[in-house]
Amino acid sequence: MKMTGEQMLKQILMAATLALSPLSPGLLTAEARPRIDFNSPVIEPLPFAAPTFVDEGGAGDIAQAITQVVTADLQGTGLFAQIDPGAYISQVSGFDQPVAFADWKAINAQALIVGAVTNSGGQINVKFRLFDVFSNTEMGDGLQFGGGQGDWRRIAHKISDNIYQQITGEGPYFDSRVVFVAESGPKDARQKQLAIMDYDGAGVEYLTDASSIVLAPRFSAAGDRILYTSFESGSPQIKLMDLATRSSKSMGALQGNMTFAPRFSPDGDTVVFSLENGGNTDLYSMSLSSGQTTQLTNTPSIETAPSFSPDGSQIAFESDRSGNQQVYVMSVRGGEPTRVSSGEGRYSTPVWSPRGDLVAFTKQNGGRFHIGVMRLDGSEERLLTASYLDEGPTWSPNGRVIMFTRQSPGASGSAQLFSVDISGRALKQVPTDGAASDPTWSPLLP
Amino acid sequence: MQKFSTIALLVSALALAACNNPDRAIGGAGGAGGLGGAGGITSGALGDPNDPNSVAYFNQRIGDTVRFVVDQSTLTPEAQATLSGQAQWLNAHAGATAIIEGHADEQGTSEYNLALGARRASAVQAYLISQGVDGARLKTVSYGKERPLAVCSEESCFAQNRRAVTVIGAGAGV
């Protein structure tokens, strides 16, 4: 993994777990534990208490900042509800002090997060434990993380990920980044530049300047490279950026007027993309190691927005061969595709879920745009959003959340990033400094 | 705007609504392009729109822009009439090159609109070639929905944005 800030990551140690608190045998049943079941038709947010992490030396503001990020991560899912700290009966003044379960029960906390931070010479150590208040016991074994002072945010996300995993049984996703297009300027002369940030909008870094239009950056599965489309040459052309060095290069000589909509294969060697020649757009793939290019479709219709299946064997894409945009699936070697979407309206920008069971898409129908998900046979379609213009879904690393672009109408309209749970809950704007579009979620950071 | 000389700019500034695109290739059709490469910049006078040999005449009197109906790249009779005029001018000015820009309105996804803009630019290119213009003088580019001409979110604006613009390269004309 060569993510930005790789040096930081290396410093983070998933240290040995802390000593186990002995459990009272037979106290717990699985049902008694704080747990969020995604299959339940109604999810009541789970009330939790997160007293400010204890400063065990030199931590200062970092202890509070970490507590706030952990709280924001959990609350932001819509699955957890923080209990107002003003209601706390007990305070936590020492990491190892006995937990006053009765006091937390009294304010109806189901989960309690206790943490502590030390900062010595710029090196921080953060530890936490998660308690099941109603069972008077600890969940898991506690964890501690070490790193540089600048790593506090990532450590907070790792703590949140651990808590989220223990309570939902789902994979983690908070410790991840998003590459996107930062926008500025008026609507008829919009300036665009590539940028990268944490999943929650923090830590923005710009990857290109605003001298050329750039579109749709896409991560490699290892998170070390980004494919995007740039107008730098005067015409849209795919470029490949190495994130560690921030250097970009063209993909190589291609016989076409315009290349766009690239995505990596899961193994990172193949790029599938659209190539336009003589006004017609088809899909091609290119091996980055050999340079070999293969034409995958050959029709007079528009084929674009290709996306690999997680196992790398198939490609989902959109085509207007039926008369309007619909989602299709074909082999990575091309050949006859199978139509996936069948509902009313237009279906576009299919993106395969990390688990492989769903495809997220943009749907345009009756003057509205939607982000939705469906199975690969087109069944169980669920529209998660509706607005003047929603487009371009991207999956969180655990396949539970979708981020997308929402553009407001009118002369002053602008694009913003939004996210929504795949059950349609927790729709919210992702904070960015200015207008933003075309998000792609990274894999989980190491 | 870098491709026009300062004096021409002053003269024709009011008439340049279709030429305010900061992402147009700076070097024009024959230039090296590339931002920051001052050596690639060429310039040429737009001239007087009353002068049939001027680029201004092409842009304003003949019309550099044709419009399309929703999701279509078929040329309307009105568009064909404009393009016939463009072809006559191009045939009379054999030194001129052009970039045909295809555009789409905002009511579509980004990728699709890039492809649709390319269809539109290509339809214009094919028509000009059918009228005798050497295809080697014509390049195409699609901006998809990236560069709307009109910024409202009503059909009145969408209609203006579904367009192809024939941009005469710097150095042509008077």
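The values are calculated or read from the model by the stated rules, or taken from the named source; none is laboratory data. Please read these numbers as outputs of a predicted model, since none were measured by experiment. No Cβ is skipped: glycine too gets one built from the backbone with ideal geometry, and neighbour counts run over all protein chains shown. Heads up: the accessible areas ignore ligands, DNA and RNA and are worked out on the full protein's heavy atoms, side chains in. Shrake-Rupley method; radii C 1.70, N 1.55, O 1.52, S 1.80 Å.
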Among DSSP beta bridges lying fully in segment B:47-168, give the percent that are antiparallel, nearest 5.
55
In whole Hz, with x marking every Gly and Pro, tabulate ³J(HN,Hα) for segment A:278-291 from phi via Karplus 6.51 cos²θ - 1.76 cosθ + 1.60, θ = phi - 60°.
x, x, 9, 10, 10, 9, 9, 10, 9, 7, 6, 7, 9, x
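Heavy-atom accessible area per residue, chain A, 1.4 Å probe: how many Å²? Don't jump to the answer; show the numbers that get you there.
Working: 17010 Å² over 446 residues.
The answer is 38 Å² per residue.
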Farthest toward the dipole's positive end in segment B:47-168, which of B:C152, B:Q60, B:L128, given Cβ charges of +1 (Lys, Arg) and -1 (Asp, Glu) about the Cα centre?
B:L128
Ignoring any ligand, DNA or RNA, what whole percent of the accessible area of chain A comes from carbon and sulfur when the probe is 1.4 angstrom?
48
Chains B and A, summed buried accessible surface - 1.4 Å probe, Å², nearest 100
3000
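In nm, what is the difference between 0.36 nm times the number of residues separating A:S379 and A:S331 and their Cα-Cα distance? All intermediate terms of the calculation are to be shown ahead of the outcome.
Details: separation 48, 0.36 × 48 = 17.28 nm, distance 2.01 nm.
Here the answer is 15.3 nm.
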Semi-axes of segment B:47-168's equivalent ellipsoid from the Cα gyration tensor, sqrt of 5 times each eigenvalue, largest first, rounded to whole Å?
24, 15, 12
All other residues with a Cβ under 13 Å from the Cβ of A:V420 taken together, and with Lys, Arg as +1 and Asp, Glu as -1, what is their net charge?
+3
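Going by a ≥ b ≥ c, the root eigenvalues of the Cα gyration tensor, does segment A:181-441 fall in the rounded group (a/c under 1.5), the prolate group (a/b larger than b/c) or the oblate group?
Rounded shape, in that the Cα axes give a/c under 1.5.
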Go through A:K363/B:K145; A:K127/A:K158; A:K187/A:K239 and tell me which ones have a Cα-Cα distance over 19 Å in this structure.
A:K187/A:K239
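To the nearest µm²/s, what D does Stokes-Einstein give for the protein assembly as shown at 4 °C and 1.567 mPa s, using the Kirkwood radius over alpha carbon pairs as Rh? Mind dumping the intermediate values first?
On the way: Rh = 26.5 Å.
Once the numbers are plugged in, D ends up at 49 µm²/s.
Any chance you could run the full-extension gain for A:S184 through A:Q75? It's 0.36 nm times the residue separation minus the Cα-Cα distance, nm to one decimal.
On the way: separation 109, 0.36 × 109 = 39.24 nm, distance 3.02 nm.
Separation in residues times 0.36 nm, less the Cα-Cα distance, equals 36.2 nm.
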Along the charge dipole of chain A, which of A:T259, A:I62, A:G399 sits closest to the positive end, that is, farthest toward it, with unit charges on the beta carbon of Lys, Arg, Asp and Glu (+1, +1, -1, -1)?
A:T259
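Compute the semi-axes of the equivalent ellipsoid of segment A:69-124, taking the square root of 5 times each eigenvalue of the Cα gyration tensor, and list them largest first in whole Å. Can you show the working numbers first?
Details: eigenvalues 103, 65, 14 Å².
Equivalent-ellipsoid dimensions as semi-axes: 23, 18, 8 Å.
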Peptide A:274-280: average number of partner chain Cβ atoms within 10 Å per residue?
6
If you line up the long axis of helix A:152-168 against the longest principal axis of chain A, both from Cα atoms, how many degrees apart are they, to the nearest 10?
80
Determine the calculated [θ] at 222 nm for chain A from helices alone, applying -39500 (n - 2.57) to every DSSP H run no shorter than 4 residues and normalising by the residue count; nearest 500 deg cm²/dmol.
-3000 deg cm²/dmol
Quantify how strongly other chains surround peptide B:133-145 by giving the mean number of their Cβ atoms within 10 Å of each of its Cβ atoms.
3
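Mind checking the mean number of beta-carbon atoms from other chains within 10 Å of the Cβ atoms in A:233-241? Present the calculation step by step, with values, prior to reporting the outcome.
Values: counts 4, 13, 9, 8, 0, 0, 0, 0, 0.
Per-residue shielding by partner chains comes out at 4.
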Local charge sum around A:N257 (other residues, Cβ-Cβ under 10 Å, Lys/Arg +1, Asp/Glu -1)?
0
Once all protein chains are kept in place, A:W395 shows an accessible area at probe 1.4 Å, nearest 10 Å², of 20
Calculated FRET value between A:K249 and B:Q131, using beta carbons and R₀ = 45 Å, to 0.05
0.70
Compute the relative contact order of chain A as a whole-number percentage, counting only Cα pairs closer than 8 Å that sit 6 or more residues apart in sequence.
11
Label point distance in nm, A:E344-A:S93, each placed 7 Å from Cα along Cα→Cβ
6.6
Placing unit charges on C-beta atoms (Lys and Arg positive, Asp and Glu negative, everything else neutral), compute the dipole magnitude of segment A:228-317 about its Cα centre in debye, rounded to 20.
220
